[in-house]
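**Q** Below is one structure. I have some questions about it.
Just so it is clear, none of the values below were taken in a lab; they were calculated from the coordinates. Keep in mind it's a predicted model, so treat the numbers as computed, not measured. Backbone-built Cβ (ideal geometry, glycine too); neighbour counts: all protein chains shown.
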Amino acid sequence: MQGYWMVLAAAGAAFFSAVANAQVSVEKPWVRGTVQGQTSSGAFMGLKSKDGAALVGVESPVAGVVEIHEMKMDGSIMRMRAVPRIDLPAGKLVELKPGGYHVMLMQLKRTLKPGETVPIRLRIEGVDKSVKTVELKAEVRSLTGAAQ
C-alpha cells in the first residue's frame, strides 16, 4: 500500500510541477460529448497565468487535428476561426467557453462518451518566450452539457 501512495504522490508532484513551471493554472476543463459518427467537438476550461503567458498550441490523442478557435460576431453573423494564440494576461482568468475562445478537437478517432476523460496537452509560452507543456484530463460531459 505504501508503494501505491508513493506512486500517487510522484504523479501529483509531476502534475503540479508542470503547472508551476508554466505558471498557468487550469480550471474546470471539460469536453462536449459526441454521438457516433460525429467528427468534431469542443474543449473548454479556464486559464490563469501568474506572470502573463499565451496559449500557443494544443494536442490530444483523441483527435487528428486540434486547434485554438475563436467565435465572434461579424456584423450579424457568428463566425468561428482558428487563432494562433490566446494571450493570458497576468492574474486574469481567461475562459475558453462555448461561443468564445475554445479548443476544437477535429477528426475525432472515437466517440466521446459522458463520464470519460480526455487527455489534453497545452503548450504555454511564457514571458521569456520559452514554451512549457501542461498536461490535463478533461471530463466528457453530455452533448448538451454546459460548464458546471
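**Q** Under 23 Å between alpha carbons, and skipping anything fewer than 8 positions from Lys48 in its own chain: which lysines qualify?
**A** Result set, ordered by chain and number: Lys28, Lys72, Lys92, Lys97, Lys129, Lys132, Lys137.
**Q** Go through the stretch 79-86 residue by residue and turn each phi into a ³J(HN,Hα) via Karplus (6.51, -1.76, 1.60, θ = phi - 60°); whole Hz please, and just put x for glycine and proline.
**A** 10, 10, 8, 6, 10, x, 6, 10
**Q** Just name one of Gly46, Met73, Val26: the one whose Cα is farthest towards the positive end of the charge dipole of the stretch 2-141 (beta-carbon charges, Lys/Arg +1, Asp/Glu -1).
**A** Met73
**Q** Sort all Cα-Cα distances of the stretch 2-141 into consecutive 10 angstrom bins from zero, then give the percent of pairs in each bin up to the one containing the longest distance.
**A** 12, 39, 33, 13, 2, 0, 0
**Q** Now for a different question. Calculate the tail of P(r) for the stretch 94-143: the fraction of all Cα-Cα distances greater than 12 Å, expressed in %. Kindly include the intermediate steps, with their values, before the conclusion.
**A** On the way: 922 of 1225 pairs.
Roughly 75 percent, rounded to a whole number.
**Q** What net charge do the residues around His102 carry, taking every other residue with its C-beta under 10 Å from that of His102, with Lys and Arg at +1 and Asp and Glu at -1?
**A** Result for the local shell: -1.
**Q** Label the stretch 29-81 by shape, choosing from rounded, prolate and oblate, from the square roots a ≥ b ≥ c of the eigenvalues of the Cα gyration tensor; if a/c is under 1.5 it is rounded, and otherwise prolate applies when a/b is larger than b/c, oblate when it is not.
**A** Judged from the Cα gyration tensor, the stretch 29-81 comes out oblate (a/c at least 1.5, b/c at or above a/b).
**Q** So, in nm, how far is label Lys129 from label Lys109 when the simple model puts each one 7 Å beyond its Cα toward the Cβ?
**A** Between Lys129 and Lys109, the label points sit 3.4 nm apart.
**Q** Kindly provide the pair-distance distribution of the stretch 46-128 built from C-alpha pairs, with 10 Å bins from 0 and whole-percent values in order of increasing distance.
**A** 16, 43, 32, 9
**Q** Would you please give the residues with an amide H less than 5 Å from that of Leu143, counting only those at least 5 places away or on a separate chain, with H modeled from the backbone geometry?
**A** So Leu143 has HN proximity to Gly33.
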